[in-house]
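What follows is a single structure, written as structure tokens, with notes after it.
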There are 2 protein chains.
Amino acid sequence: MSKKDKPIGVAVLGLGNVGTEVVRIINESAPDLAARIGAPLELRGVGVRTVSADRGVPIELLTDDIDALVSRDDVDIVIELMGPVEPARKAILKALETGKSVVTANKALMAQSTGELAQAAEKARVDLYFEAAVAGAIPVIRPLTQSLAGDTVLRVAGIVNGTTNYILSAMNDTGADYASALADASALGYAEADPTADVEGYDAAAKAAILASIAFHTRVTADDVYREGITKVSAADFESARALGCNIKLLAICERLTNDEGQQRVSARVYPALVPLEHPLATVGGAFNAVVVEAEAAGRLMFYGQGAGGAPTASAVMGDVVMAARNRVQGGRGPRESKYAELPIAPIGFIPTRYYVSMNVADKPGVLSSVAAEFGKREVSIAEVRQEGTVDEDGQRHGARIVVVTHKATDAALSETVAALADHDAVECINSVLRLEGTAE
Amino acid sequence: MSKKDKPIGVAVLGLGNVGTEVVRIINESAPDLAARIGAPLELRGVGVRTVSADRGVPIELLTDDIDALVSRDDVDIVIELMGPVEPARKAILKALETGKSVVTANKALMAQSTGELAQAAEKARVDLYFEAAVAGAIPVIRPLTQSLAGDTVLRVAGIVNGTTNYILSAMNDTGADYASALADASALGYAEADPTADVEGYDAAAKAAILASIAFHTRVTADDVYREGITKVSAADFESARALGCNIKLLAICERLTNDEGQQRVSARVYPALVPLEHPLATVGGAFNAVVVEAEAAGRLMFYGQGAGGAPTASAVMGDVVMAARNRVQGGRGPRESKYAELPIAPIGFIPTRYYVSMNVADKPGVLSSVAAEFGKREVSIAEVRQEGTVDEDGQRHGARIVVVTHKATDAALSETVAALADHDAVECINSVLRLEGTAE
């Protein structure tokens, strides 16, 4: 029996910005979607925490019994847009176990339980798609898993969190300090009441884990990702960055490292970094997202667009829904990776990066040389030093600020150097330590 | 019987830059590819025009009998990289008829025979993939057909020809005229001995046809694409463009047009156009490609990377090969679009665009007003006029140059206006007519 034209039943879990847009597209684009799929999509129900008449969806479609909704025989695809790890995980597992294909935008969940969920999908022989979990509307999951499946990805670097990019862009454009830029972002709705997940880099770390997993065919969880947030980035850092021809961006970086013996490891990390203005990520402003992929044969690719918001995220969700529905109509599910490479994760200490260190020092002869010596002792080569006088509130010149930019060295050698500098007699304080990314050496 | 681990046999047709890279990747990445596919890829043979020992491939793998190679029982996937429409079309049809999946980078063929080839693939229930036919390594086909399958694409605008972008970038950067920029491009290997396909826009038109077909679910062939090349773009045009805050780029534009009655039509066109410097396509330099997609829910997305060259194109080819091979291992073929929308093609006369017209006029009072009147008569609204004196070789001032930039009007009204200006008493000559793209109105 051909399944052609037999409707594909859909359940939506969650009716926030994204869920509302998804329901709108399913209704308003019904004829187009049916033509592309080969069968009409039919919305069987929408799971919400509280059923009420003012949700913009016919009340008879609403239910707070998620378990019953995802188990219905006439549901083929479950679209999970509820948010946190639980109860989303439980609902998705239930859906997979009862043979539904699942589409989710849940990055925290996918960064934590990807192995468990992938196994459940494998066992049930159904699709589990999550394009919307990283970079909203920008296609990155599918290009990495499919278009680049025959290439060797060397590095993925992205601006994948709109809130922090909005804050950092404002600091760069207006000279504001972190606290006031955050306050503005909150007032405009770009930052949540509790901004921790964004500003401390947890959201970006979840996305880095997902990107590293698919780019390197290795299971990487959020816990494997080294993470620093943007809360310590100062207006003075932006001044120094400008003087160095750089902007400061919160980057999610996934890298394939090969040692001298040819052994490969994977690094996934999130931190604010100086990025030279000529690098394509340096000028990605406001709430936009961008991901740069470097692969052996393809060279450098960039993907750019809106990384969040109801409609852009719904676009990515609906792409997954159409693909899962096409698979149902034409015979089962999409093909998947056969075997994971399961490369080991490299600890941050092993990662070669460049450092930017800003410190206040005593204003006397020989300081610069003794500071430089601390770098030299640990074989960290200095690329650039800037020294400028600092002025206190009374207009009195006292001490000097030294900014050092290093060449690449292991993170271990660099943090050892910084620790030694903090104890150094001539160093009054370390103002900040950031990395420099996007340059050749 | 599980097909797992049974090798997937591959035949490569053509051993130029791309074919050589494809063979290299198949050999050097064999273990990785096998892990991702679930079975090893095995190269059964390489079709070439002349078998000889110096091709870098074991001579026993080479054959000039393409027909026999694509029909072999132990070949599952045929990779067509031979080039022109024939004999590629014949070889691909033969491969599809004998049940092979086909991966091709042949844009001219895909822009001409896509219907015929898609039907043959459909009949044989095999895959026909062509990611490498547009924009080299940059994933655009898969994002458009899959990631955006649930969205409504409104517009695709791209720089999809590296040769012309190299020439135009050089003209912009150095002030060179077209002939000398072309000569430089040829000397450096960026332009072919006969550059017609590139500089006259045929190559870009083929890619526009493919992009329009997949973006709008409608069969568009290269003959449906309105086309102008870059041979008439002058150094003076770049000067004027700069004064207007623009660069000049050869654009491939695919647009969904909706009239007042809600009827939809598709426009596909290729021409050099002024692009405001703040538009993301304005700064895509050298031989790079970029494609901007605007969709209803996703908003504006941009894809950027290397659009040509052996390795980048091979990356796209190998992505398709891995997907086709995974499909073979896991059961048949990938899902495809069920039904085409088959929107009608709008002729260029109906397309609303903005014009840039440069003309030499007699230097006497009233000329500007009578020139402007020609636009007004045809309801073409003028956005900006620049008038400057022209100076002949003897340093004598004679006449003036007027540059007019219009608001949007139909191409028909605009070309009628230009025709009238050409006959106008006060107009000595029309220097150039270009369109202006990438602005709101």
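Say we join alpha carbon atoms closer than 10 Å with springs in a Gaussian network model of chain A; which of A:Lys100, A:Lys364, A:Lys90 then has the biggest fluctuation?
Most flexible of the set in this elastic network: A:Lys364.
Among B:Tyr190, B:Val153, B:Cys254, which residue has its Cα furthest toward the positive end of the charge dipole of region B:142-305, with +1 on Lys/Arg Cβ and -1 on Asp/Glu Cβ?
B:Val153
Mean-square fluctuation check for chain B, GNM, Cα pairs under 10 Å: which of B:Ile59, B:Ile25, B:Ile253 is largest?
Greatest mean-square fluctuation among the candidates belongs to B:Ile59.
Quick one: dipole size for the protein assembly as shown, taken about the Cα centre, charges +1 on Lys/Arg Cβ and -1 on Asp/Glu Cβ, in debye to the nearest 20.
So the magnitude is around 2480 debye.
Nearest 20 debye, what's the magnitude of the dipole of chain A about its Cα centre given +1 on Lys and Arg Cβ and -1 on Asp and Glu Cβ?
In debye, rounded to 20, chain A gives about 1540.
Set the Förster radius R0 to 30 Å, insert the Cβ-Cβ distance between A:Lys6 and A:Asp65 as r into 1/(1 + (r/R0)^6), and round the FRET efficiency to 0.05.
Here the calculated transfer efficiency is 0.75.
Expressed as an acute angle from 0 to 90° and rounded to the nearest 10, what is the orientation of the C-alpha long axis of helix A:85-97 relative to the principal long axis of chain A?
Computed tilt is about 40 degrees.
Select from A:Gly366, A:Ala420, A:Val404 the residue farthest towards the positive end of the dipole of region A:348-436; place +1 on Cβ of Lys and Arg, -1 on Cβ of Asp and Glu, and compute about the Cα centre.
Value: A:Val404.
Out of the DSSP beta bridges found with both residues in region A:209-327, what percent are antiparallel (nearest 5)?
The antiparallel proportion sits near 90 percent.
If each of A:Thr98 and A:Ala30 carries a label point 7 Å out from its Cα toward its Cβ, how far apart are those two points in nm?
About 2.4 nm, to one decimal.
Between B:Glu42 and A:Ser186, what is the spin-label point distance in nm, taking each point 7 Å from the Cα along the Cα→C-beta axis?
6.6
By how many degrees, between 0 and 90 and to the nearest 10, does the Cα long axis of helix A:310-331 differ from the longest principal axis of chain A?
Tilt of helix A:310-331: around 50 degrees.
Roughly how many whole Å is it from the C-alpha centroid of region A:9-68 to that of region B:196-265?
A separation of 39 Å, based on Cα centres.
For the pairs B:Lys249/B:Lys364; A:Lys94/A:Lys123; A:Lys100/B:Lys100; B:Lys249/B:Lys408; A:Lys377/A:Lys408, flag any whose C-alpha to C-alpha distance is greater than 24 Å.
Checking Cα-Cα distances, B:Lys249/B:Lys364; A:Lys100/B:Lys100 exceed 24 Å.
Over region B:7-115, with a single point scatterer placed on each C-alpha, what log10 of the ratio I(q)/I(0) does the Debye formula yield at q = 0.10, 0.13 1/Å?
-0.26, -0.45
Find the percent of Cα-Cα distances in region B:142-305 that exceed 25 Å, and round it to a whole number. Spell out each step's value before the answer.
Numbers: 4204 of 13366 pairs.
Counting pairs separated by more than 25 Å, the tail of P(r) holds 31 percent.
Based on the Cβ-Cβ distance of B:Asp173 and A:Glu388, what FRET efficiency does E = 1/(1 + (r/R0)^6) give at R0 = 30 Å, to the nearest 0.05?
Efficiency for this residue pair is about 0.25.
Taking the DSSP beta bridges in chain A as the whole, what percent of them are antiparallel, to the nearest 5?
The antiparallel fraction comes to roughly 70 percent.
How large is Rg over Rh for chain B, taking Rg from the Cα atoms and Rh as the Kirkwood inverse mean of 1/r across Cα pairs? Walk me through the numbers on the way to the answer.
Working: Rg = 24.6 Å, Rh = 23.5 Å.
Ratio value, two decimals: 1.04.
Just to confirm the number: angle between the C-alpha axis of helix A:202-216 and the first principal axis of chain A, 0 to 90 degrees, nearest 10?
On a 0 to 90 degree scale, this one is about 70.
Once you have a ≥ b ≥ c as the square roots of the Cα gyration tensor eigenvalues for region A:1-61, tell me rounded if a/c is under 1.5, and otherwise prolate or oblate according to whether a/b is larger than b/c. Don't jump to the answer; show the numbers that get you there.
On the way: a/c = 2.83, a/b = 1.98, b/c = 1.43.
Prolate.
Take the alpha carbon atoms of region A:341-368, find their center, do the same for region B:333-360, and report the distance between the two centers in whole angstrom.
Spelled out, the Cα-based centre of one part sits 53 Å from the other.
Please get the size of the charge dipole for region B:1-88, origin at its Cα centre, with Cβ charges of +1 on Lys and Arg and -1 on Asp and Glu, quoted in debye to the nearest 20.
The dipole magnitude comes to about 280 debye.
In the protein assembly as shown, what % of DSSP beta bridges are antiparallel (nearest 5)?
70
Taking H placed 1.01 Å from N in the peptide plane, check which residues at least 5 places from B:Arg435 or on another chain put their amide H under 5 Å from its amide H.
Under 5 Å from the amide H of B:Arg435: B:Leu274, B:Tyr356.
Check which residues have an amide H placed less than 5 Å from A:Tyr129's amide H, if you skip close sequence neighbours.
A:Val102, A:Val103, A:Thr104
P(r) tail for region A:348-436, what percent of Cα pairs lie past 23 Å?
Distances greater than 23 Å cover 19 percent of the Cα pairs.
Return a whole-number percent for the relative contact order of region B:348-436, with Cα pairs under 8 Å and 6 or more residues apart as the contact set.
Once divided by the residue count of region B:348-436, the mean separation gives 49 percent.
What is the average number of partner chain Cβ atoms found within 10 Å of a Cβ in B:320-326? Each step should come with its number before you reach the end.
On the way: counts 4, 2, 9, 7, 1, 4, 7.
Whole-number average of other-chain Cβ neighbours for B:320-326 is 5.
So what J values fall out for region A:41-49 if you push phi through Karplus, 6.51 cos²θ - 1.76 cosθ + 1.60 with θ = phi - 60°, rounded to Hz, Gly and Pro as x?
Each residue of region A:41-49 in turn: 7, 10, 7, 8, x, 10, x, 9, 6 Hz.
Once you average over the residues of A:35-44, how many Cβ atoms of partner chains fall within 10 Å of each Cβ?
Numbers: counts 6, 10, 6, 5, 1, 0, 1, 0, 0, 0.
Mean shielding by partner chains, rounded to a whole number: 3.
From other protein chains only, count the Cβ atoms within 10 Å of every residue's Cβ in A:285-297, then give the mean.
On the way: counts 0, 0, 0, 3, 0, 2, 0, 2, 3, 0, 6, 5, 18.
Whole-number average of other-chain Cβ neighbours for A:285-297 is 3.
Please name which of B:Phe238, B:Tyr340, B:Ile351 has its Cα lying farthest along the dipole of chain B towards the positive end, using unit charges on Cβ (Lys, Arg +1; Asp, Glu -1) and the Cα centre as origin.
B:Tyr340
Tell me whether the protein assembly as shown comes out rounded, prolate or oblate; compute the Cα gyration tensor, take square roots of the eigenvalues as a ≥ b ≥ c, and use a/c under 1.5 as the rounded threshold.
rounded
Computed from the coordinates by the stated procedures, all read-outs in this text should not be read as laboratory data. Note that the structure is a prediction, hence the values are computed from the model and not measured. Backbone-built Cβ (ideal geometry, glycine too); neighbour counts: all protein chains shown.
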